[in-house]
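Okay, structure first, notes after.
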Amino acid sequence: MITRIILGLAMIVSLYSTSYAHGTGYRQSSLNAVALEFTYSTGEAMSYREAKVFSPLDDKFAYQTGRTDEEGRFSFVPDAKGEWRVIVRDEEGHQCEAKINVNNVDDDVHAASENLQGMELTVRAVLGVSLMFNIALLIRRRQNAHQ
Amino acid sequence: MHISEGVLSGTALIAGWAGTVTCTAIGLRKTDTSKIVRTALLSSSFFLASLVNIRIGPSSTHLSLLAPVGLILGWSSFPAMLVALFLQAILFHFGGLVVLGANTFIMGTPALIVYVVFGKMIRSENKIFSGIMAFISGALAVMIGACLAGIFLGISDRNFFEAAKILFYAHIPLALIEGIVTSFMIMFLKRVSPEFLS
């Protein structure tokens, strides 16, 4: 009788253990993550775009894949020193590649952003239009000079 | 519609440059230098249109004005677009210099097609007919551009049908908007400055 009870309890414990082994859990990580924000040149966020992270140790197979959030943010935790590449692309052929130099796996992460910096977008737009009209006027003047 | 650097394969890049160089050379020969300011104006419009964002659901896109440039400039639209796309790559980081050939071909070809097909129709005396034709040309130019971008992505060993399908569906709302914008532009020009379409 005692043997049967022990066997029964052992079976229940084993079943419980088995189901518990396939459960899930979480803990808050204290590791330093690299967080990036991806935008189009107009400043608009690259929302929900495919993101691939390439480790300096393996340039072919992605270390991590995923998608940016609504604000174009994507983060990962590097596990090696060196230059990490994060490529975010959309379905229409736009692509942004960020190169991150990780000097210390725990801290000191320097991002080299490729986003529009320096001159404001408006200034660039005015410069572009001005260039086009100046080229046109130059061609016209030369044409008039020849005639 | 701008394809970024590093996305296309060597074959696609060479094909794009070959097409662009050929069409730009023809375009330069056919460009009337007395109307060079008009070319610059359309090139500037095309250059700035990319900054006009249109929100469509969770995504967004920007105006291209492919059809107005093509309908007004004809063959000159290729050199006009090449200059505009070059400046967009330098100043806005749209596309890139290596992929400039492919991007110019993707956007210049629809402009040229609508010029050949609809060029005479939009200059018709019947205003309603020319307005409808302008709408169709505006919408069609965007869809042709999307299909060409899909083909270039397909040549680059990417999933062609998937890329083409996504590009096609994603550009339907833009095509309708571009159709309306093109129709308004052509109707306005015909009323205010008909010589602009000469």
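Using the Cβ-Cβ distance between A:D58 and B:K165 with R0 = 45 Å, the FRET efficiency computed as 1/(1 + (r/R0)^6) comes to roughly 0.90. Straight-line reach from B:K120: taking Cα to Cα under 23 Å and skipping same-chain neighbours fewer than 8 places apart, the lysines in range are B:K30, B:K35, B:K190.
Between B:E5 and B:F129, the FRET efficiency estimated from the beta carbon spacing at R0 = 35 angstrom works out to 0.20. Rounded to the nearest Hz, the phi-derived 3J(HN,Hα) couplings of segment A:133-145 under the Karplus curve 6.51 cos²θ - 1.76 cosθ + 1.60 (θ = phi - 60°) are 5, 5, 4, 4, 5, 4, 5, 5, 4, 5, 5, 5, 5, where x marks glycine and proline. Other protein chain C-beta atoms within 10 Å of residue C-beta, averaged over A:31-44: 2.
Sorted largest first by accessible area at a 1.4 angstrom probe radius, with every protein chain in place, the residues A:R124, A:R89 fall in the order A:R89, A:R124. Extension gain, A:R85-A:S130: 0.36 nm per intervening residue step, less the Cα-Cα distance, totals 12.6 nm. Tell me the relative contact order for chain B as a rounded percent, counting alpha carbon contacts under 8 Å between residues six or more apart. Relative contact order comes out at 25 percent. When each of the peptides B:74-85, B:43-54 is scored by the mean number of other C-beta atoms lying within 10 Å of its residues, the order from highest to lowest reads B:74-85, B:43-54. Between A:V123 and A:L137, the contour length at 0.36 nm per residue exceeds the alpha carbon distance by 3.0 nm.
Of all lysines in the structure, those lying under 26 Å Cα to Cα from A:K81, and not within fewer than 8 positions of it along the same chain, are A:K52, A:K60, A:K99. Counts of other chain beta carbons within 10 angstrom of each beta carbon in peptide A:123-136 average 6. Per-residue mean of foreign Cβ neighbours for B:74-87 is 1 (Cβ atoms of other chains, 10 Å radius).
Using a probe of 1.4 Å on the protein chains alone, the accessible area found for B:S34 is around 70 Å².
Nonpolar atom fraction for segment A:32-116, defined as the carbon and sulfur part of the 1.4 Å probe accessible area, stands at 42 percent.
Within chain B, which DSSP H helices have Cα atoms that stretch 18 Å or more along the helix axis and a mean Kyte-Doolittle hydropathy of at least 0.5?
Length and hydropathy pass: B:10-30, B:36-49, B:100-118, B:127-155, B:172-192.
The values are calculated or read from the model by the stated rules, or taken from the named source; none is laboratory data. None of these values were measured; they are calculated from a predicted model. Reconstructed Cβ throughout: ideal geometry from the backbone, glycine too, with neighbour counts over all protein chains shown. Ligands, DNA and RNA are excluded from the accessible area calculation, which covers all protein heavy atoms including side chains. Shrake-Rupley method; radii C 1.70, N 1.55, O 1.52, S 1.80 Å.
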